[in-house]
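Undergrad: Here it is, the structure in full.
Coordinate-derived values only; no laboratory data. Note that the structure is predicted; figures quoted are calculated from it, not measured. Virtual Cβ from ideal backbone geometry, glycine too; neighbours counted across all protein chains shown.
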Amino acid sequence: MKTFTEQIIEARKVSTPFVVLRTFDPFATCKAVAESFGTEKDAIPFMSWDSIHGLRGLNDEAGTPALAEMAQQAGIELAATIDLPIALGTLEFAEKDVIAFVHNPHLVWDTDRKVIQGVMNLRSKYTARGNMLVIVLGAGDELPIELQQDCLVIEVPLPTREELGKAVESVFKYAAQENAFAACKDAATPAVVKKATDALIGLPLFPASQATSIHLNKLTGVLDIESLWGRKKEIISQNPGLTYHQGLERRADMYGCDAWVKFAERYLTGKYAPTIIVRMDEIQRQLSGSESDSSGTKGNLMGEFLTWVNDREVICSLNVGVSGTSKSWGPYCIGGEYGKPIINYSISGMEHKHVGESSRHMRNCHRTLDAIGDGKIWLVASANSLAGLPPELISRFQIGGIWFFDLPTEEERIGILKLKLAKYGLDLNQEAPPMVSWTGRDINNLCAKAQLLDISILEASQYVVPLLESHHDEVEGIRQSAHNRFLSATHSGKYQYIPSPVKHEVSTKTTDGRKFRT
């Protein structure tokens with residue numbers, strides 16, 4: 001696949017009049033376009049427009065004199081070109097080979113429709129003269145419908161590891177130019193650069209370079225990798241709908257679910273191991289009703305999500321089952337065990353009152369995940385049921401598997417209890433209540449209450465109503481519906497439903513009086 005700069009060069013060869021660049025870093029993108037022409041760049045009239053400076057030349061050799069001549073022919077003072085329609089009128093006088101960048105015109109064309117006409121007026125002249133108008137938008141910004149058919153749209157990816165590596169090396173290089181910071185001269189070793197790029201992948205070039213500069217100890221030449229990761233987590237979490245998980249869970253923090261854990265361990269240590277884990281909690285709440293949503297937001301986001309999963313070949317797993325059985329907790333523990341970054345993905349967090357803005361948020365999130373994941377993403381969703389989820393969504397989870405997380409077995413309940421007793425600092429050898437058909441969350445609640453009230457877990461059991469007792473019909477309904485339909489998270493093969501033991505109360509009711517017979 002060609003890089004975005006190679007696409008620009010190819011487009012210019014055939015005099016493509018309009019190119020749209022969607023980018024996270026406009027200035028770095030424009031610089032990369034100019035640099036891509038090599039020694040030829042000094043002879044190309046580069047110019048740009050923004051709402052503060054208006055039109056200005058970007059290179060003194062060709063851009064500045066060409067712009068001055070254009071303004072003279074148009075009879076326009078350059079100061080007046082702050083008004084975008086006037087600037088576009090001036091650009092009509094471009095002779096040949098001009099490349100003009102227009103920054104953020106979407107901030108203007110929504111309120112001044114003359115901008116759209118001004119762009120359309122350039123098409124024929126620019127095609128005939130070999131000029132190019134480059135519309136620079138933010139990642140996810142939309143074009144007016146009038147321009148969509150005439151523009152070549154290029155999505156500028158986030159920087160590669162190689163590009164980030166060069167940026168890291170440049171920070172060390174520039175720091176070493178100061179005599180006091182001579183320790184930085186040879187400190188950018190391949191090992192340091194690799195650790196830095198691992199931490200920075202997924203960030204635009206400028207914030208990546210800035211974070212490196214801040215966290216480099218210039219006196220010792222030591223780069224604080226841990227702080228780089230922290231900065232990256234903060235920046236990624238600023239994307240609506242994404243949250244970087246910062247917990248320290250390990251495999252030892254969960255018990256049971258052996259079949260699912262075995263699958264996860266093989267995948268995470270195999271040839272096609274994912275770079276990141278994307279965790280999507282309560283998917284049935286996030287995407288159900290997408291077909292009946294009158295606003296169109298849910299339906300659009302469903303389409304964006306399915307397209308991304310399909311086009312990027314994201315491996316998806318779906319953990320279904322009873323509440324409190326580690327279906328959402330498991331990804332944290334297994335990801336932490338194998339050092340995989342875990343990012344929480346919330347579609348509701350991407351939603352906006354305007355449908356287009358919601359889609360923009362989702363596209364930005366996907367581009368960020370693509371950059372961090374290097375094309376190797378494991379998406380793990382959880383759900384209490386599949387009610388309301390369309391078949392086209394459920395079908396995306398066949399490769400990673402649809403797993404059913406059942407009530408813990410007796411062995412698992414004992415193991416979970418030991419973990420929770422240790423977690424809450426309780427006596428490991430104390431007598432335990434029966435806990436028949438309790439979930440892991442029920443056991444956690446038991447120990448939490450024992451700590452809170454400073455009592456034994458046997459006494460604390462008086463304050464626990466297990467899920468199976470409070471919601472017996474719902475839980476049994478979920479378990480029955482999963483029979484032979486999903487993989488078992490506990491045992492190999494398909495899940496087999498076994499009715500839960502029913503708790504019977506012994507009747508102590510007595511009847512008074514005496515019966516007489518004739």
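Undergrad: Of TYR345, GLY335, SER323, which is farthest along the charge dipole of segment 321-409 in the positive direction, counting Lys and Arg as +1 and Asp and Glu as -1 at C-beta?
TA: TYR345
Undergrad: Okay, next question. Among LYS233/LYS449; LYS41/LYS166; LYS298/LYS376; LYS31/LYS194; LYS262/LYS449, which pairs are too far apart, with a Cα-Cα distance over 30 Å?
TA: Values: LYS233/LYS449 34 Å; LYS41/LYS166 22 Å; LYS298/LYS376 26 Å; LYS31/LYS194 25 Å; LYS262/LYS449 33 Å.
With Cα atoms farther than 30 Å apart: LYS233/LYS449; LYS262/LYS449.
Undergrad: When Lys and Arg each count +1 and Asp and Glu each count -1, what net charge do the other residues less than 14 Å away from GLU459, Cβ to Cβ, add up to? Could you put the intermediate results ahead of the total?
TA: Numbers: positive: LYS449; negative: ASP427, GLU431, ASP454.
Residues close to GLU459 contribute a combined charge of -2.
Undergrad: Further, regarding this structure: Distance between the C-alpha centers of segment 63-116 and segment 141-206? Whole Å please.
TA: For segment 63-116 versus segment 141-206, the Cα centre distance is 31 Å.
Undergrad: Follow-up. With every atom except the alpha carbons ignored, what do you get for Rg and Dmax of segment 251-405, in angstroms?
TA: Cα only, segment 251-405: 15.2, 46 Å (Rg, Dmax).
Undergrad: Then there's this: Quick one: putting +1 on the C-beta of Lys and Arg, -1 on the C-beta of Asp and Glu, what dipole do you get for segment 161-238 around its Cα centre, in Debye to the nearest 20?
TA: Values: 10 positive and 9 negative charges, 9 e Å.
Charge dipole, segment 161-238, about its Cα centre: 40 debye, nearest 20.
Undergrad: Once the convex hull of the C-alpha atoms of segment 4-155 is built, how many Å³ does it hold per residue, rounded to a whole number?
TA: On the way: hull volume 15.0 nm³, N = 152.
Hull volume normalised by residue count: 99 Å³.
Undergrad: In segment 4-155, if the dipole is taken from +1 on Lys/Arg beta carbons and -1 on Asp/Glu beta carbons about the Cα centre, which of PHE4, ALA34, SER124 is farthest to the positive end?
TA: So the residue furthest toward the plus end is SER124.
Undergrad: With all pairs of different alpha carbon atoms counted, what Kirkwood hydrodynamic radius in Å does the chain show? All intermediate terms of the calculation are to be shown ahead of the outcome.
TA: Values: mean 1/r = 0.0366 Å⁻¹.
After inverting the pairwise mean of 1/r, the radius is 27.3 Å.
Undergrad: How big is the antiparallel share of DSSP beta bridges in the chain, given as a percent to the nearest 5?
TA: The antiparallel proportion sits near 20 percent.
Undergrad: Considering only Cα-Cα distances, which of the following residue pairs are longer than 26 Å: LYS418/LYS494; LYS327/LYS423; LYS271/LYS423?
TA: Details: LYS418/LYS494 28 Å; LYS327/LYS423 20 Å; LYS271/LYS423 35 Å.
Among LYS418/LYS494; LYS327/LYS423; LYS271/LYS423, the Cα-Cα distance tops 26 Å for LYS418/LYS494; LYS271/LYS423.
Undergrad: Tell me the net charge near SER492. Cut-off is 12 Å between Cβ atoms, SER492 excluded, with +1 for each Lys or Arg and -1 for each Asp or Glu. Before the final figure, lay out the partial values.
TA: Working: positive: LYS262, LYS494; negative: ASP258.
Around SER492, the surrounding residues sum to +1.
Undergrad: I would also like to ask the following. Taking the Cβ of each residue in ARG285, ARG367, ARG312 as the centre, tally the other Cβ atoms inside 10 Å and list the residues starting with the fewest. Write out the running numbers ahead of the final one.
TA: On the way: ARG285 13, ARG367 21, ARG312 16.
With the sparsest Cβ surroundings first, the list reads ARG285, ARG312, ARG367.
Undergrad: Could you rank the peptides 176-185, 272-281 by their average count of other C-beta atoms within 10 Å per residue, with the highest value first?
TA: Numbers: 176-185: 14.0, 272-281: 19.3.
The packing order, highest mean first, is 272-281, 176-185.
Undergrad: Which shape class, rounded, prolate or oblate, goes with segment 191-302 when its Cα gyration tensor gives a ≥ b ≥ c as root eigenvalues, a/c under 1.5 marks rounded, and past that a/b bigger than b/c marks prolate? Spell out each step's value before the answer.
TA: Details: a/c = 2.72, a/b = 1.40, b/c = 1.93.
Oblate is the answer for segment 191-302, as a/c is 1.5 or above yet b/c matches or exceeds a/b.
Undergrad: Shape call for segment 161-238 from the C-alpha gyration tensor, a ≥ b ≥ c root eigenvalues: rounded (a/c under 1.5), prolate (a/b greater than b/c) or oblate?
TA: Details: a/c = 1.97, a/b = 1.72, b/c = 1.15.
Here segment 161-238 falls in the prolate category.
Undergrad: Determine the sum of side-chain charges near VAL309: Lys and Arg each +1, Asp and Glu each -1, restricted to other residues whose C-beta is under 13 angstrom from that of VAL309.
TA: Details: positive: ARG312, ARG396; negative: GLU304, ASP311, GLU313, ASP370, GLU392.
Overall, the nearby charge balance is -3.
Undergrad: Here is a further query. Roughly what % of DSSP beta bridges within segment 251-405 run antiparallel, to the nearest 5? All intermediate terms of the calculation are to be shown ahead of the outcome.
TA: On the way: 0 of 18 bridges.
Antiparallel bridges make up about 0 percent of those DSSP assigns within segment 251-405.
Undergrad: Below 8 Å, C-alpha to C-alpha, sequence gap of six or more: please give me the relative contact order for segment 4-155 in percent. Mind dumping the intermediate values first?
TA: Working: 274 pairs, mean separation 54.1, N = 152.
Reported as a whole number, the value is 36 percent.
Undergrad: Which whole-number percentage describes the relative contact order of segment 1-78, with Cα contacts under 8 Å and a sequence gap of 6 or more? Walk me through the numbers before you get to the answer.
TA: On the way: 62 pairs, mean separation 14.3, N = 78.
The value is 18 percent.
Undergrad: Please report, in debye to the nearest 20, how large the charge dipole of segment 338-481 is about its Cα centre when each Lys and Arg carries +1 at its beta carbon and each Asp and Glu carries -1 there.
TA: Values: 14 positive and 18 negative charges, 171 e Å.
Dipole size: approximately 820 debye.
Undergrad: About the Cα centre of the chain, how large is the charge dipole given +1 on each Lys and Arg Cβ and -1 on each Asp and Glu Cβ? Please answer in debye to the nearest 20. Numbers along the way, then the final one.
TA: Numbers: 54 positive and 63 negative charges, 276 e Å.
Taking the Cα centre of the chain as origin, the dipole is about 1320 debye.
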